[in-house]
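Just so it is clear, none of the values below were taken in a lab; they were calculated from the coordinates. Bear in mind that the values here come from a model prediction, so they are computed numbers and not experimental data. Glycine also receives a Cβ, built like all others from the backbone with ideal geometry; neighbour counts cover every protein chain displayed.
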Amino acid sequence: MELSEDNQRQLWVPPGFAHGLLTLTDTVDFLYKTTDYYAPQYERCIAWDDALLAIAWPEIGAKVQLSAKDSIGAALSHAGL
């Protein structure tokens, strides 16, 4: 799903549900509304390009830049879920 300033869409992600995003512009404002306090001890990171997920990410014409946390994402089969 594409979220933009123009379409004004929002996305609800159920608690505990894996999610990810790719920005298509140089600057992005992204807000989370959460159902509970952040608990990093329960957080997991799945590799964005895991072949098992087979996500058809759009071509952005540039090298993907990941956060430090996302750059060490585990394969889904090893994510400790």
*Between a first residue in the range 15-33 that is more than 15 Å from SER4 (Cα to Cα) and a second residue that is of a type outside the set (Gly, Ala, Ser) and surrounded by 10 or more Cβ atoms within 10 Å (Cβ to Cβ), which pairs have beta carbons less than 7 Å apart while being 6 or more apart in sequence or on different chains?*
ALA18/ILE46; HIS19/VAL13; GLY20/TRP48
*Note down all Cβ pairs under 9 Å where the first residue falls in the range 43-58 and is over 14 Å from SER71 (Cβ atoms) and without any contact (Cβ under 8 Å) to a residue 60 or more places away in the chain, the second is β-branched (Val, Ile, Thr) and part of a loop (DSSP other than H, G, I, E, B), and they're at least six residues apart or on different chains.*
TRP57/VAL64
*asked:* I'd like to verify a number: residues in the range 5-57 that are assigned to a loop (DSSP other than H, G, I, E, B), loosely packed, with under 10 Cβ neighbours inside 10 Å and not aliphatic (A, V, I, L, M), how many?
replied: 25
